Amino acid sequence: MNPVRRFFDSHRHHFEPGGRFARFGFLYENLESVFFAPAAVTATAPQVRDSLDVKRFMFLVIVALLPHYAFGIFNVGYQAHRAAGLPPEFFSVIGVGLKAVVPMVVVTYAVGYFWEALFATVRKHEISEGLFVSCALFPLTLPPTQPLWQVALGISFGIVVGKEIFGGTGRNFLNPALTGRAFLYFAYPAQTSGDAVWTLLLPGRSAPVDAFTAATPLSIAAVAEGGPIPQAWAEAGYDLWTLFIGLYPDAIGASSTLLCLAGAIFLIAVGVADFRIILGDTLGILVTAGAIRLLAGPGAAPYLLLDPWLHLMVGGAAFGIAYMTTDPVSAPALSRARWVYGFFIGALTVLIRVFNPAFPEGIGIAILFMNCFAPLLDELEVRARLKKRVSHVR
Amino acid sequence: MERKHLKNGFTLRISGAPDETLASLPPPRQVAAVAARTRFLKPRLAVKVGDAVKTGTLLFADKRRPELRFLSPGAGRVSAVNFGPRRSLQEVVIDLEEPEEAEAFPRLDEAGLAAVDPEELRRRIVEGGLWSLIRELPFREAAALDRRPPQVVVFLDNLEPFHPSPRVYLQGRVERFRFGLRVLEKLSGRPPIVTACTGGAETVAELKPLITDLLQGRYPAHDPGVLLYRSRHRPEQRQAWIVEGQDVLLLAELLQEGRYPIRRIVTLGGPGVASPGHLEVRLGAPLADLVGGRAAVGERLRFVAGGVLTGARAESASFLALHEKALTLIPEGDRPGGLLEWMLPGRQKPSYSRAFLSSWMPSSVPMDCNRHGGIRACIQCAFCMRVCPVDILPQLTYKAVLAGETEEALAHGLLDCVECGLCSLVCPSKIELLETLQRAKAAVREEMR
C-alpha cells in the first residue's frame, strides 16, 4: 500500500470520536483530503456530480501564480544586485531572492493557516481552500523589504477581518489578500510606500549605488513634469520591454505584465476567471485614461497625457486585474454586473493614479471599493431580470 | 414543423450510452406495482397478501386522489406487500401464474374515438390505471381531473442519459401513436404539441409529419417546461399537460385493445453496464431481471431508476415502476481518490467547467456516484446560473429558499424549474441545489392545494 495512505490509516483513530485528538478531527480530514479525495458519495439526485470542486478551482489559481513566484524571486535578487552595483550572476541572484521571499511565504501560510484552523475548530467546519489562494496572493503584493512581523500582522488582518468574521470563504465581501495589503499600507506606510522599500539591499549596504534608480515607474510618473512620461521612464532605464517583462523595483511578483497576461489567459481558459471582469477592468482603464487625455489638452501635467495602454504596463494594475478582481467571491455573480464592476475598477484605478498624489498605485483601493458595491450591482441586475420574468404563480 | 433553439443546458458526456439494438427478456416469475419513487403519492392498499389478481386488477390507489389507480401488471397471487421507512408502501409483488387472465376494459376504435365524450374517455383512462402518465406542470404530478389544460405537450426524445430512443420504441407503432395523439386531442380539446430533438425522432420519415416543434439545444432542451418557458409568456399557458412519447402508446393500447398494457421498452445503460442497449420488458419487471448478466464486474453498482440526473436511487431487489423507462447502473465510487489525483490534468474527469483535460476532448468518460469534493459555501462561480435552462439564478434562489423567502424564490422563477438537476451537478461547492428547490416547490404545492 502507498506509504502516505498507510500513514493516514494508522493515525486516523486518534482523530475519531473518543480518540485523543477528536477535537481536531476536521483538521485531520482536511489534511487527508489534500492527499486523497474523500470517499463521500451522493445521497440525492443527481446521482453523479461534476469532478470540479473548490479545491481544484482554487488550486488552478495557485498554479497560475507559480510563475509569478519564480519571476518574483529572480527580480528581487536582480534588483538587489543592481542596487549594489554587482553583476547579476544567476545563482547569486536566485539565492538572494529565495532568502527574501521564502520566509515571507512561510510566515504568510503559517499564520493564515493558524487563523483558518482556529476558526474552523471553533465553528466545526472544514478548512476552505480559499485560504491557500489568499496566502499565495498576499506576499506577491508586498515590497521585498517588508519585516516578517508585519507580514504576519497583515495576513492576520486579511484573513480574520477580511474573511473569517463574516463566516469564511464564500461569505466574505472583501478580497482577503487585498484587505491585508491595505491594512499594511495604512498602518505601516513607512515600510510600504516611498521609493526605498521596493529594492532589497544586500547585507552591509545602507543605500543603493548612485547609478541605480530606486523609484518605481509609478512614482516617476506621479512626479514627472515637463517631458512625456515614457521619456522619463527611459531616462531611468525603464524601456517598454523592461516594463512589460516587469524587471523593475516593485512588489515581489506583481510587476510583470507579461506573466499577468499569460495567467489571465490561463485562468479564462480553465474557466476559473471570468473574461467579463478582466475585459471590463481593461476597458475601464483604457476609456478613463483616454478620456482624461482628451480633456486635458496639450499643456497639462504629463501624467494626464499618458498613453492609456501604458497604464497596464506599470505597477500592479495587470496583477490586480488578472488575480484580484477575478476572485468570484468578492466580485458580483451576474454577468452584466461583472462588466460594470470591472469597468469601475479600471476607471477608479486611473483616477486614483493620476489625481491622487498620496497613492501612486490605485488598483488595490479601487478593487476594495468596488468589492463593497458588488452586492449592489448584483441586486440591480437581479431586479432588472425579475422585471422581465413572468411570475408563475396562479 | 417549427425549429426552436433552446439556450443554456449542458450535455453530459458519460459513457455507457445504449445502442439501438432491442433485446427481449425471458418472462419474469414476479412482477410488481411500485409505489416508491413516485412523488406526492399516498397509496391506500386494495389487496392483501394471498389475494388472486388478474392483469389490470386494482392493487392500490392514492388516498387523496382516488383517480390515481395502480393496477396489477400481471395475473397470479399477491406474494408480498413491501414497506419501506415509516411504513411507506414500496411495492405490491405478484407471483405470476399461468394462464394469465386480464380484466376486460371497453374497446375503442377510430370511429368510437370520434364519437366518444371526453368525460367518458377520461373515465376509461382512470379506470385503466394510466391517468398518472398524464402529468401537469409546474409540479409534474398527475394532471387534475377537473381542469382543461391550456396545452398538451408530447415529447418524443429525452436527452437525459439515458432514455429510450423513439426510433426504437415507435418502430412499427406509429399508427398506434397517432391514435394516442387523437385521444389527447379529444381530452384537451386541442391538438397536442409534439416535440422532438434534432437528430432524434425527426430522422424517421414517418414520424416527421407528426412533429410540431423541433428542439435544438443541450440537455434538457427536450423538457416541455423549457419550451413553454421560452415560448409561452402568460403563466397559465405554462401549466400544460406533459406526456412522454412512449406513454402515449400505452394510453392508446389500453383504449384500443381493452386491456391493461403490460409491456414497454426501456434502456439499460450507464458506465456500470457491459453491453448497454434497449430492452423490451414487462411492466413491473424485477430490476435484477433487466440487468441479467450485463452488469460490469468488479464494481459495486448503484441502481438508478431513470436517468443519471433526475433518476432515483433504487434497491437492486426493486421493480420497474409504471412511469420508469430507464435503468442506469453507476459504480458507487465510495473509495478515496488516488494520491494527489485532484492535481492531475484529468483526462478521465468529466466536468462542466474547463478545469480538466477531459473538457477539451470529445470522448465520453465513465462517472461514478462519488461526490468529488467536500461541501463548501457558495463561491459564486455562477456555473449553476449559466446551465439553468429556464434562467433561474439557482445560487440566489436557494439562498432565498433557505432564508424562508418563498415569495422571492417564486419571483425568481421557482415554479419554472424543470428539475433537470444540472445546478447540483455542476456545483463545485457540492451544494444540493436541486433538492432545495424541489423541497421548496413541494412546499408551495402544499400551500396551493
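The values are calculated or read from the model by the stated rules, or taken from the named source; none is laboratory data. All of these numbers come straight from a predicted model, not from anything done at the bench. Heads up, the Cβs are rebuilt from the backbone with ideal geometry, glycines too, and the neighbour counts pull from every protein chain shown. With ligands, DNA and RNA removed, areas are computed over all heavy atoms of the protein, side chains included. Shrake-Rupley method; radii C 1.70, N 1.55, O 1.52, S 1.80 Å.
If only residues of the stretch A:351-388 that are in a helix (DSSP H, G or I) and among the charged types (D, E, K, R) are counted, the one that is modelled with the lowest pLDDT is A:388. When the stretch B:315-350 is filtered for residues that are within 14 Å of residue B:369 (Cβ to Cβ), within 10 Å of another protein chain (Cβ to nearest Cβ) and of a type in the set (A, V, I, L, M), only B:330 remains. Scan the stretch B:83-135 for residues that are touching a residue at least 60 places away in the same chain (Cβ under 8 Å), farther than 26 Å from residue B:282 by Cα and surrounded by 13 or more Cβ atoms within 10 Å (Cβ to Cβ) and the total you get is 3.
Is at least one residue of the stretch A:53-60 of a type in the set (Val, Ile, Thr), under 28 Å from residue A:324 (Cβ atoms) and open to solvent by less than 10 Å² (accessible area, probe 1.4 Å)? Before the answer, list the steps.
Going residue by residue through the stretch A:53-60, those that are of a type in the set (Val, Ile, Thr) are A:54.
Narrowing the set further to residues that are under 28 Å from residue A:324 (Cβ atoms) leaves A:54.
Subsequent filtering for residues that are open to solvent by less than 10 Å² (accessible area, probe 1.4 Å) retains A:54.
Looking through the stretch A:53-60, at least one residue is of a type in the set (Val, Ile, Thr), under 28 Å from residue A:324 (Cβ atoms) and open to solvent by less than 10 Å² (accessible area, probe 1.4 Å).
Output the residue which, of all residues in the stretch A:293-345 that are within 11 Å of residue A:276 (Cα to Cα), open to solvent by 30 Å² or more (accessible area, probe 1.4 Å) and away from chain B (no Cβ under 14 Å), is nearest to the chain's Cα centre (by Cα). Here the residue is A:343. All conditions but one from (1) buried (at least 23 other Cβ atoms within 10 Å of the Cβ); (2) in contact (Cβ under 8 Å) with a residue 60 or more places away in the chain; (3) within 7 Å of another protein chain (Cβ to nearest Cβ); (4) in a loop (DSSP other than H, G, I, E, B) apply to residue B:307; the one that does not is (3).
Within the stretch B:26-47, being touching a residue at least 60 places away in the same chain (Cβ under 8 Å), of a type in the set (A, V, I, L, M, F, W, C) and open to solvent by 50 Å² or more (accessible area, probe 1.4 Å) holds for one residue alone: B:40. Residue A:74 - would you say it is part of a helix (DSSP H, G or I) and open to solvent by 20 Å² or more (accessible area, probe 1.4 Å)? So residue A:74 fits the description; yes. Within the stretch A:41-69, residues that are more than 7 Å from chain B (Cβ to nearest Cβ) sit with their Cβ atoms under 9 Å from residues that are among the acidic types (Asp, Glu) and surrounded by 24 or more Cβ atoms within 10 Å (Cβ to Cβ), at 6+ positions apart or across chains, in these pairs: A:58/A:129; A:61/A:327.
Looking at B:37, B:64, just one residue is touching a strand residue (DSSP E or B) at 6+ places or on another chain (Cβ under 6 Å), assigned to a loop (DSSP other than H, G, I, E, B) and charged (D, E, K, R), and that residue is B:37. Of all residues in the stretch A:21-68, those satisfying the criterion of being hydroxyl-bearing (Ser, Thr, Tyr) and over 9 Å from residue B:373 (Cα atoms) are A:28, A:42, A:44. Highlighted here are the strands (runs of 3 or more DSSP E) found entirely within the stretch B:191-280 that include at least 3 residues which are buried (at least 22 other Cβ atoms within 10 Å of the Cβ): B:193-197, B:241-244, B:263-269.
Here residue B:412 meets the list (1) within 24 Å of residue B:12 (Cβ to Cβ); (2) at the interface with chain A (Cβ under 8 Å from one of its Cβ atoms) almost entirely, failing just condition (1). Close Cβ contacts (under 8 Å, 6 or more residues apart or on different chains) running from residues in the stretch B:328-343 that are under 30 Å from residue B:316 (Cα atoms) to residues that are open to solvent by 50 Å² or more (accessible area, probe 1.4 Å) comprise B:331/B:299; B:331/B:300; B:331/B:366; B:332/B:299; B:332/B:300; B:334/B:300.
If you take the residues of the stretch A:349-361 that are free of Cβ contacts under 8 Å to residues at least 24 places away in the same chain and open to solvent by less than 50 Å² (accessible area, probe 1.4 Å), which of them is nearest to the other protein chains (Cβ to nearest Cβ)? Steps first, answer last, please.
First, pick out the residues of the stretch A:349-361 that are free of Cβ contacts under 8 Å to residues at least 24 places away in the same chain: A:352, A:355-356, A:358-359.
Right, trim to open to solvent by less than 50 Å² (accessible area, probe 1.4 Å) and you get A:352, A:359.
Numbers: A:352: 26, A:359: 28 Å.
Per the criteria, the residue is A:352.
Taking the stretch A:263-289 as the range and being away from chain B (no Cβ under 14 Å) and closer than 18 Å to residue A:133 by Cβ as the test, the residues that pass are A:263, A:264, A:278.
Please determine whether any residue of the stretch A:239-250 is closer than 30 Å to residue A:171 by Cα, within 20 Å of the chain's Cα centre (by Cα) and more than 14 Å from every other protein chain (Cβ to nearest Cβ).
Keep residues of the stretch A:239-250 that are closer than 30 Å to residue A:171 by Cα, which gives none.
Checking the stretch A:239-250: not a single residue is closer than 30 Å to residue A:171 by Cα, within 20 Å of the chain's Cα centre (by Cα) and more than 14 Å from every other protein chain (Cβ to nearest Cβ).
In this structure, is residue A:361 more than 22 Å from residue A:279 (Cβ to Cβ) and among the acidic types (Asp, Glu)? Write out each step before concluding.
Numbers: more than 22 Å from residue A:279 (Cβ to Cβ): no; among the acidic types (Asp, Glu): yes.
For residue A:361, the condition - more than 22 Å from residue A:279 (Cβ to Cβ) and among the acidic types (Asp, Glu) - is not met.
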